[in-house]
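Inspection log for the structure reproduced underneath, given as structure tokens.
Each reported figure results from applying straightforward, stated rules to the coordinates on display, with no laboratory input. What you see is a predicted model, and the numbers here were worked out from it, not measured in a lab. Neighbour counts are summed over all protein chains in view; Cβ atoms, including those assigned to glycine, are modelled from backbone coordinates with ideal geometry.
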Amino acid sequence: MSQQPSKKLRILLLLPTRTYRATDFLNAALKLDVEVAVASEKPATTAELSPRDTLMLDFRNPTVATQTIVEFAETHPIAAVIGVDDDTTMLATTASTALGLPHNPISSAKATRDKYLLRQALEKNGVPVPNYRRFSIQDDVKKISTQINFPCVIKPLSLSASRGVIRADNPTEFTEAFHRITTLLNRVKESRNINNDSFQYLLVEDYIPGIEVALEGILLKGELKTLALFDKPDPLEGPFFEETLYITPSRLSKEIQDELHIATAETSDALGLQHGPVHAELRYNEQGAHLIEIAARTIGGLCSRTLRFGTGISLEELVIRHAIGQPVQIFSREKQAAGVMMIPVPKMGILGEVRGRKKARNVNGIEEVNITIPIGEEIVPLPEGDKYLGFIFARAETPEAVEATLREAHRFLEFVIL
């Protein structure tokens, strides 16, 4: 009697139409020979890659979307639900819960999606946090400015990538920043047709000085495995916090790196995070390591392309391996240094032309120059903007060489903004 061929495992990828991550995740799934179902808010997010099964879901309504996923899974069994960015974190968690798949507690996922809930949860569980308060966008700004410390940082509760984050050093700057962020929130809420309480509030907290890093990790039954620690060589002191360079491995001492790992592990434990990727932003100063933010997802944009593990395994492949129950403890980042420059938007306008791409690509050590905004599209700088002009990737023997390579390539690029 002939043996029946074993069925492929199927994963459900939650891919918003705006994400940069579709191609990398789908390529990783193809390499692992797992079947992929794709869920998005609109059709044809990945039409060119032709996944056999597709779902249309409202990511803003996890309850209804989860029921759709459960019904789909009755005839198309799912081994893992993977959210690729902030917009899909909650749905990935609620769907995994409903399907009985490994997952983080829903309350933990919520805390990573709301900066005020995050601070509350950490404070409650004994993790040091800066002085913080939440204010309604309807509150009296002048009155608030007499109740807080300076310098401070004002943040939306749920936007990511430093969007809407502004430092204020005095009451005048605070008032201007408060109004500016309120305008941004109202615009985002209207454009996305969002009815979310988080858009009615701002978080104000003491400014934490020091160097800033990003930690990429994965939780294995609650234990944090650090996959990479990125230095951010450009100072992030405000008034806006536009990230540019990410370089790994870190040039910080082993003692400091250990402190940053411990701070991220303690934060994950305090929140109840147990499973899957985490991306943390931290600062370090003479008082030690300070958690700024943590997300239950991988690094954003195309930045994951800096990371390779084992014999060329991508971060996306590592995440899928873990999600379907394969061991990942043995994989470590390659020894070669790597980095990315997220190309900043210098001013508002229409992108008319990009010059110097060939020269930038020809810089020794450059692997890719990827301009992600089409010619003719409007570009908006931080704090209102939510896109970079593109990404430059480099590899070299040392972090210092990677940084120099990225800066040299960037100098060749000229952006004509109309």
request  = Could you bin all the Cα-Cα distances of the range 131-206 into 10 Å bins starting at 0 and give me the percent of pairs in each, rounded to whole numbers?
outcome  = 20, 58, 20, 2
task = Quickly rank 302-312, 374-384 as a protection proxy: mean count of other C-beta atoms within 10 Å, highest first.
result = 302-312, 374-384
task = Quick one: compute a quarter of the convex hull surface over the Cα atoms of the range 90-175 and quote it in nm².
result = 7.1
remark   = Against the 2.2 N^0.38 Å rule of thumb, the C-alpha Rg of the range 312-418 sits at a ratio of 1.30
query = Over all directions, what mean area does the Cα convex hull of the range 247-291 project, stated in square nanometres?
reply = 3.6
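Averaged across orientations, what area in nm² does the convex hull of the alpha carbons in the range 10-110 project?
Details: hull surface 23.4 nm².
So the mean shadow area of the Cα hull is 5.8 nm².
Under the √(5λ) rule applied to the eigenvalues of the Cα gyration tensor, what semi-axes describe the equivalent ellipsoid of the chain? Give them in Å, descending. Write out the running numbers ahead of the final one.
Details: eigenvalues 208, 143, 108 Å².
Ellipsoid half-lengths, sorted descending, are 32, 27, 23 Å.
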remark   = Percent of all alpha-carbon pairs of the range 141-254 at distances over 26 Å, whole number, is 36
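Just subtract the alpha-carbon distance of Gln200 and Glu237 from 0.36 nm times their residue separation and send over the number in nm, one decimal.
Values: separation 37, 0.36 × 37 = 13.32 nm, distance 2.62 nm.
Using 0.36 nm per residue and subtracting the Cα-Cα distance, I get 10.7 nm.
Normalised by the number of residues in the range 44-195, what is the relative contact order in percent for Cα pairs under 8 Å and 6+ residues apart? Write out the running numbers ahead of the final one.
Details: 119 pairs, mean separation 20.8, N = 152.
Computed over the range 44-195, the figure is 14 percent.
From the helices alone, meaning DSSP H stretches of at least four residues, give me the mean residue ellipticity at 222 nm for the chain, per-run term -39500 (n - 2.57), in deg cm²/dmol to the nearest 500. Intermediate values should be presented prior to the final figure.
Values: 11 runs with 128 residues, N = 418.
Calculated at 222 nm, the ellipticity per residue is -9500 deg cm²/dmol.
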query = What's the extension gain from Lys42 to Asp140 if we count 0.36 nm per residue and subtract their Cα-Cα distance?
reply = 31.3 nm
ask   = Which whole-number percentage describes the relative contact order of the range 355-418, with Cα contacts under 8 Å and a sequence gap of 6 or more?
value = 45
task = Quick one: of Lys155/Lys189; Lys115/Lys155; Lys7/Lys31; Lys225/Lys254; Lys31/Lys335; Lys254/Lys335, which pairs are farther than 18 Å apart, Cα to Cα?
result = Lys31/Lys335
note = Length-normalised contact order of the chain, Cα under 8 Å, at least 6 apart, in percent, tallies to 14
